Amino acid sequence: MSLIETERLILRPMTEADGEAVFQWTGDPAVNRYMPYPVHKNVEETKDWLRSLQGKEEEFGFCQKETGQLIGAGSIKYREEFDAWEVGYNLRKDCWGKGYATEAARALLQWAYEHGARRFMARHATANVASGNVLKKCGYQFSHLGQYSRYDGSETFDATYYTMEME
Ligand SMILES: CC(C)(COP(=O)(O)OP(=O)(O)OC[C@H]1O[C@@H](n2cnc3c(N)ncnc32)[C@H](O)[C@@H]1OP(=O)(O)O)[C@@H](O)C(=O)NCCC(=O)NCCS
């Protein structure tokens with residue numbers, strides 16, 4: 001089990017017991033606007049997702065040290081089609097704009113680096129300016145424009161792709 005500590009956060013695995021806390025963002029259409037997963041309709045859907053994560057090392061909850069509360073989650077996963085590691089994140093809306101996503105994303109990238117990752121990629125809906133700013137602050141550079149779709153195919157977003165290499 002991996003725990004990552006940053007200045008204000010502990011990044012830790014999530015369990016079913018976190019369902020209510022996690023549903024605060026998985027069930028929020030504003031948070032879900034550009035995410036590929038369908039917004040959760042109830043806390044049971046969130047618990048199902050949390051159960052499906054068990055044993056997956058690369059998915060982390062972001063826990064605020066000050067309050068002990070989960071405020072978001074993110075992952076860093078190897079994507080065979082890009083031969084690179086992709087970072088992703090989403091936060092409870094009342095915690096936006098405080099630098100938490102940048103702090104967490106940097107920690108995820110460092111964690112993957114320590115596990116052998118050297119090539120990284122990321123993508124965000126071009127309209128989702130905040131996410132692009134997080135990536136640039138982490139050292140990512142523009143690669144190309146493209147698209148991505150929600151997992152259920154219900155929506156396709158114009159997207160900006162980024163890459164980063166670490167020695
Ligand atoms: C995208 C998201 C993770 C950003 O989280 P955050 O913690 O608010 O981001 P940060 O505070 O680290 O901000 C990073 C940079 O973006 C800027 N920023 C934040 N919100 C912004 C906005 N709405 N528009 C433009 N820039 C914004 C910040 O000012 C900061 O840059 P600065 O330090 O130079 O000022 C958050 O808004 C979120 O969870 N959105 C919903 C889920 C999502 O879209 N995830 C990404 C999918 S690709």
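Laid out as a table, the results:
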{"read-out": "Amide H partners (placed H, <5 Å) of Ala159, local residues excluded", "value": "Thr126, Gly146, Gln147, Tyr148"}
{"read-out": "Partner aspartates and glutamates for Lys41 [C-alpha distance under 19 Å; skip if fewer than 8 residues away on the same chain]", "value": "Glu16, Asp18, Glu20, Asp28, Asp152, Glu155"}
{"read-out": "Antiparallel DSSP beta bridges within the chain, as percent of all bridges there, nearest 5", "value": "95 percent"}
{"read-out": "For the chain, accessible area per residue (1.4 Å probe, heavy atoms of protein chains only), Å²", "value": "53 Å²"}
{"read-out": "Sulfur and carbon atoms: percent of accessible area, the chain [1.4 Å]", "value": "50 percent"}
{"read-out": "Over the chain - Rg/Rh using Cα atoms and the Kirkwood inverse-distance radius", "value": "0.93"}
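The values are calculated or read from the model by the stated rules, or taken from the named source; none is laboratory data. Not measured: the values here are computed from a predicted model. We work out accessible area using only protein heavy atoms, side chains counted, and drop any ligands, DNA or RNA first. Shrake-Rupley method; radii C 1.70, N 1.55, O 1.52, S 1.80 Å.
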